[in-house]
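The values are calculated or read from the model by the stated rules, or taken from the named source; none is laboratory data. Source: prediction; values computed, not measured. Every residue, glycine as well, gets a Cβ built from its backbone with ideal geometry; the counts of neighbours run over all protein chains shown. Accessible surface is based on the protein model in full, side chains and every heavy atom, while ligands, DNA and RNA are left aside. Shrake-Rupley method; radii C 1.70, N 1.55, O 1.52, S 1.80 Å.
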Amino acid sequence: MVSGNGVFYPILCFGMFVVLIYMSFGRIRMLSFHEDPKLSFVRRNGTQFMLDGKAFYVNGWNSYWLMAQSVELYSRPKVREMLKTGASMGLTVCRTWAFNDGDYNALQISPGRFNEQTFKALDYVIAEARQHGIRLLLSLVNNLHAYGGKTQYVKWAWQEGIGISASNDSFFFDPSIRSYFKNYIKTVLTRKNTITGIEYRNDPTIFGWELINEPRCMSDRSGDTLQEWIEEMSAFVKLIDKNHLTTIGLEGFYGPDDPKDLTVNPEYWASKVGADFIRNSNTMNIDFTSVHIYPDQWFRKQDFEDQLKFVSKWMVSHIEDGEMVLKKPVLFSEYGLSQTMKNFTLSNREKMHRTVLDIIYKSAKKNRSGAGALVWQFLVGGMKEFCDEYGMVPYESSSTHSLFIQQSCRLARVKGWAPQYESFKHLC
């Protein structure tokens, strides 16, 4: 008995020590996600975003792939690196997908059925963004085919024998599909993060909700179908979540009855996609407008200098609309220049980026409605499968890296050095 106890008690003590160490570190990790850093919700006051009582102008980026790269543990360091890089450049908002419908590692496997592993990946993205002081604009579905999109919803309804049309646009008008999507919205917004313990609708890490990426309803050029859908879904979001801002995800095309159809739209087709920038953005439950900028896609035969002139005209027009007509902030939530365009150079891409950033800076100086811009897209090294013709690893080009840091610095100088800017202040 004596010799037995002599062995037993040291082992017991060592075991208790290991448990205490594990619990301590586990508690430290949970506390860090809960308590550091302190974040406030981004609000809106007229044509400006507001944060902690000050006007908030956004310098940010798109990384649509954050959730996809967080499903497996081995790829999560890429997500952490991207968010850390963004924070070190003074960037404040990242737009990313909060959807994957029926695709590989789907978040929504079928209507109402969710993959918990992928949901935990989204939990991780939000928790990691919080650690780096980055806010997320989360998009809820794709108008395009990638990651399922509205096409997958239509397939589900068709497979279950309840779809009323095989058209992709039935996503907007089929009652069964609207019900599918409302259930998806409710599930995401009320999700309790398994890392932070905070429901998404109560987490200030989330900048806002985007209803759909680049909506088009070609089957109804009057715009009535899409408008009804926007009104219904934005009201449903606000019913569940009164903390966060809501936007649509528009490209910014003017409708067929708008005089700017002929003077500002890129070409004749732009007013015929079923979307209407003014009418859609004027919806009561839409807090801010969204606009995309792709002159290389819209004017393939124009030379670069003419495309740049269009960029300025396009942005100024929408900022004027935000100021005078809509009385809402305007976020240019995608902009970029493809490396596949004729005579592409990095210098031209940076010139296009600078044109966008300069207009936002001037808007900030004048307290106008041009509230920010999110470049498409940033990645980290070793991500060829997620890179498109617009993709950039910011630290691989010192000039690109410096360009975005300079924008962060001058926005901070104009609006005051908030706590989130301290990590890069020395670079200014």
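Within the stretch 283-309, being touching a residue at least 12 places away in the same chain (Cβ under 8 Å), in contact with a helix residue (DSSP H, G or I) (Cβ under 9 Å, 6 or more places away or on another chain) and within 29 Å of THR345 (Cβ to Cβ) holds for SER290, VAL291, ILE293, PRO295, ASP296, TRP298, PHE299, PHE304, GLN307, LEU308. Filtering the stretch 167-186 to residues that are in contact with a Lys or Arg (Cβ under 9 Å, 6 or more places away or on another chain) and small (Gly, Ala, Ser) leaves only SER170. Tell me whether the stretch 285-293 contains one or more residues that are part of a helix (DSSP H, G or I) and either open to solvent by 10 Å² or more (accessible area, probe 1.4 Å) or closer than 30 Å to ASN243 by Cα (or both). Scanning the stretch 285-293, I find no residue that is part of a helix (DSSP H, G or I) and either open to solvent by 10 Å² or more (accessible area, probe 1.4 Å) or closer than 30 Å to ASN243 by Cα (or both), so the answer is no. Across the stretch 142-180, the number of residues qualifying as open to solvent by 50 Å² or more (accessible area, probe 1.4 Å) and in a loop (DSSP other than H, G, I, E, B) comes to 9.
Whenever a residue of the stretch 261-275 is more than 19 Å from ARG300 (Cα to Cα), its partners that are hydroxyl-bearing (Ser, Thr, Tyr) and open to solvent by 70 Å² or more (accessible area, probe 1.4 Å), lying with C-beta atoms within less than 8 angstrom and at least six residues away or across chains, give the pairs GLY274/SER219.
Within the stretch 228-238, identify whether any single residue is surrounded by fewer than 18 Cβ atoms within 10 Å (Cβ to Cβ), touching a residue at least 12 places away in the same chain (Cβ under 8 Å) and under 30 Å from ALA127 (Cβ atoms), and answer yes or no. Yes, the conditions are met somewhere in the stretch 228-238.
Would you be able to say whether some residue in the stretch 64-75 is on the phi > 0 side of the Ramachandran plot, touching a residue at least 60 places away in the same chain (Cβ under 8 Å) and under 18 Å from the mean Cα position of the chain (by Cα)? Checked against the condition, which is being on the phi > 0 side of the Ramachandran plot, touching a residue at least 60 places away in the same chain (Cβ under 8 Å) and under 18 Å from the mean Cα position of the chain (by Cα), the stretch 64-75 yields no hits at all. Taking the conditions exactly as written (free of Cβ contacts under 8 Å to residues at least 24 places away in the same chain and surrounded by 21 or more Cβ atoms within 10 Å (Cβ to Cβ)), does ASN280 satisfy them or not? Taking the combined requirement at face value, the residue does not satisfy it.
Residues that are surrounded by fewer than 24 Cβ atoms within 10 Å (Cβ to Cβ) and either closer than 12 Å to GLY148 by Cβ or touching a residue at least 60 places away in the same chain (Cβ under 8 Å) (or both) within the stretch 108-117 comprise ILE109, SER110, PRO111, GLY112, PHE114, listed in sequence order. Of the residues making up the stretch 324-348, those that are touching a Ser or Thr at 6+ places or on another chain (Cβ under 7 Å) and in a strand (DSSP E or B) are VAL330, LEU331, SER333. Candidates are the residues of the stretch 298-337 that are among the polar types (S, T, N, Q) and buried (at least 16 other Cβ atoms within 10 Å of the Cβ); the one that is nearest to VAL93 (Cα to Cα) is SER333. Failed condition for ASN105, given (1) over 29 Å from LYS415 (Cα atoms); (2) open to solvent by less than 20 Å² (accessible area, probe 1.4 Å); (3) of a type in the set (S, T, N, Q), with all others met? That leaves (2) as the condition not met.
Being within 27 Å of PHE49 (Cβ to Cβ), open to solvent by less than 40 Å² (accessible area, probe 1.4 Å) and outside any strand (DSSP E or B) narrows it down to one of GLY208, GLY274, GLY255, so name that one.
Just a single option satisfies the conditions, and that option is GLY255.
Taking the stretch 211-227 as the range and being in a helix (DSSP H, G or I) and either open to solvent by 10 Å² or more (accessible area, probe 1.4 Å) or not hydrophobic (A, V, I, L, M, F, W, C) (or both) as the test, the residues that pass are ASP224, THR225, GLN227. Taking residues in the stretch 127-138 that are closer than 16 Å to TRP97 by Cβ, and partners anywhere that are buried (at least 24 other Cβ atoms within 10 Å of the Cβ) and among the aromatic types (Phe, Trp, Tyr), the pairs with Cβ atoms closer than 7 Å and at least 6 places apart or on different chains are ARG135/PHE207; LEU136/PHE207; LEU137/PHE207; LEU138/TRP209.
Taking the stretch 184-206 as the range and being in contact (Cβ under 8 Å) with a residue 60 or more places away in the chain and either among the polar types (S, T, N, Q) or within 24 Å of GLY148 (Cα to Cα) (or both) as the test, the residues that pass are TYR184, THR187, VAL188, ARG191, ASN193, THR194, THR196, TYR200, THR205, ILE206. A search for C-beta distances below 7 Å between a residue of the stretch 399-417 that is on the phi < 0 side of the Ramachandran plot and any residue that is part of a helix (DSSP H, G or I) and acidic (Asp, Glu), counting only pairs 6+ apart in sequence or on different chains, returns SER399/GLU350; THR400/GLU350; LEU403/GLU350. Regarding the stretch 182-197, can at least one residue be identified that is more than 18 Å from GLN69 (Cα to Cα), open to solvent by less than 20 Å² (accessible area, probe 1.4 Å), at pLDDT 95 or above and more than 16 Å from the chain's Cα centre (by Cα)? Within the stretch 182-197, one or more residues are more than 18 Å from GLN69 (Cα to Cα), open to solvent by less than 20 Å² (accessible area, probe 1.4 Å), at pLDDT 95 or above and more than 16 Å from the chain's Cα centre (by Cα).
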